[in-house]
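Undergrad: The structure is given below, and queries will be raised subsequently.
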Amino acid sequence: MATKRYRVDYNNGEGSIVVDINPEKLTDETLISINDFWMDAEYRLACSDDNVLHAVLKLLCEMVLIFQMDCSQTVEGVINDFDPKASYGKCGIEGWPKMDGSMGIKIIAIGNFEFLETDFEVKEVN
């Protein structure tokens, strides 16, 4: 079976990731395990029309965008964060496989997530 490419957008494309999925390596069983590892698995699955791949990809997009904002990570840096054997001694991210393609999922691109001044509102509170 051929690798499939997916783009996951957050908030109409304000943030996004592109991933390649090899369904022979990243099985439904693995996807269910990833989804079930995290809190609110049933809710996330319901919000994805019971499509476990979509549920997992949405969660992955959220995590990757947080990493990118938190540490100004490149694609390679984010992929290394998921690798328990990364050269700089991190332990990987519990509940997730490596994201270098070896486990059936590879992060290809991360869209630039940016804050615009027009998106902020200041209010005085008492």
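Since every read-out is calculated from the coordinates, none of them should be taken as a lab result. Quick caveat, the model's predicted, so the values are computed rather than measured. A quick note on method: Cβ atoms are made from the backbone with ideal geometry, for glycine too, and the neighbour counts reach across all protein chains shown.
Undergrad: Contour minus end-to-end for Thr27 and Thr3, with contour as 0.36 nm per residue of separation and end-to-end as the Cα-Cα distance? The partial results should precede the final answer.
TA: Working: separation 24, 0.36 × 24 = 8.64 nm, distance 1.25 nm.
Additional length available on full extension: 7.4 nm.
Undergrad: For all pairs of alpha-carbon atoms in the stretch 4-112, what percent lies in each bin of width 10 Å, listed from the first bin to the last filled one?
TA: 15, 49, 34, 3
Undergrad: On to the next question. Report the paramagnetic label zone for Val125: residues of the stretch 44-71 whose backbone N is under 11 Å from a point 7 Å from Cα along the Cα-to-Cβ axis.
TA: Under 11 Å, as judged by backbone N against the label point of Val125, lies no residue of the stretch 44-71.
Undergrad: Hey, fewest Cβ within 10 Å first, where do Cys61, Cys47 land in order?
TA: On the way: Cys61 23, Cys47 13.
Going from sparsest to densest Cβ surroundings: Cys47, Cys61.
Undergrad: Okay, moving on. What residues qualify as long-range amide H neighbours of Ile108, i.e. H under 5 Å apart, gap of 5 or more or another chain, H built at 1.01 Å from N?
TA: Under 5 Å from the amide H of Ile108: Val18, Val19, Asp20.
Undergrad: With springs only between Cα atoms under 10 Å apart, run a GNM on the chain and tell me which of Gly15, Gly95, Gly111 wobbles the most.
TA: So, out of Gly15, Gly95, Gly111, the one fluctuating most is Gly95.
Undergrad: On a full-extension model of 0.36 nm per residue, what is the gain between Phe115 and Tyr10, subtracting their alpha-carbon distance, rounded to one decimal in nm? Walk me through the intermediate numbers first.
TA: Working: separation 105, 0.36 × 105 = 37.80 nm, distance 1.32 nm.
Between Phe115 and Tyr10, full extension yields 36.5 nm more.
Undergrad: Also: Where is the GNM fluctuation largest for the chain (alpha-carbon springs, 10 angstrom cutoff): Asp36, Asp81, Asp70?
TA: Per the Cα network of the chain with a 10 Å cutoff, Asp70 tops the list.
Undergrad: Counting alpha carbon pairs within less than 8 Å and at least 6 residues apart, what relative contact order, in whole percent, applies to the stretch 4-112?
TA: Details: 150 pairs, mean separation 38.3, N = 109.
Across the stretch 4-112, relative contact order equals 35 percent.
Undergrad: Cα centroids of the stretch 107-126 and the stretch 1-20: how far apart, whole angstrom?
TA: Centre-to-centre (Cα) distance: 20 Å.
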